[in-house]
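K.L.:
I have a structure here, written as structure tokens, and I will follow up with some questions on it.
The values are calculated or read from the model by the stated rules, or taken from the named source; none is laboratory data. Because the structure is a prediction, the values reported are computed rather than measured. With ideal geometry, Cβ positions are generated from the backbone for all residues, glycine too; neighbour counts draw on all protein chains shown.
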């Protein structure tokens, strides 16, 4: 909770959402939350999407701060100012 910088109320909300969507399960006996197979698949897909989003976010931030941006697109190489 503290490493994620979220409040206890936010943590409860996130846990409830993940339990409702079968991303987590709670073991009553051990009082431990465990990631389900569906949760592991979701985490893997989330990481994969993040690999594509991060470069786009960086490019957009550079455009918004008026820095020169170089890259490639389906149309070839480009430089944006």
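K.L.:
Which ones in segment 2-42 are at positive phi and surrounded by 11 or more Cβ atoms within 10 Å (Cβ to Cβ)?
P.N.:
If the condition is that a residue be at positive phi and surrounded by 11 or more Cβ atoms within 10 Å (Cβ to Cβ), then 22 is the only one that fits.
K.L.:
Could you grab me the full set of residues in segment 2-17 that are over 17 Å from the mean Cα position of the chain (by Cα) and at pLDDT below 90?
P.N.:
2
K.L.:
Could you grab me the full set of residues in segment 20-33 that are in contact with a strand residue (DSSP E or B) (Cβ under 8 Å, 6 or more places away or on another chain) and touching a residue at least 12 places away in the same chain (Cβ under 8 Å)?
P.N.:
At the first step, the residues of segment 20-33 found to be in contact with a strand residue (DSSP E or B) (Cβ under 8 Å, 6 or more places away or on another chain) are 23-27, 32-33.
Listed by number, the residues that qualify are 23, 24, 33.
K.L.:
Further question: Regarding residue 33, is this residue part of a strand (DSSP E or B), closer than 20 Å to residue 22 by Cα and either in contact with a helix residue (DSSP H, G or I) (Cβ under 9 Å, 6 or more places away or on another chain) or modelled with pLDDT of 85 or more (or both)?
P.N.:
Values: part of a strand (DSSP E or B): yes; closer than 20 Å to residue 22 by Cα: yes; either in contact with a helix residue (DSSP H, G or I) (Cβ under 9 Å, 6 or more places away or on another chain) or modelled with pLDDT of 85 or more (or both): yes.
Considered against the rule, which asks whether it is part of a strand (DSSP E or B), closer than 20 Å to residue 22 by Cα and either in contact with a helix residue (DSSP H, G or I) (Cβ under 9 Å, 6 or more places away or on another chain) or modelled with pLDDT of 85 or more (or both), residue 33 comes out as yes.
K.L.:
Residue pairs, Cβ under 8 Å, 6 or more apart or interchain, first in segment 34-62 and without any contact (Cβ under 8 Å) to a residue 40 or more places away in the chain, second surrounded by 10 or more Cβ atoms within 10 Å (Cβ to Cβ) and assigned to a helix (DSSP H, G or I). List them.
P.N.:
Hits for this filter: 35/43; 39/18.
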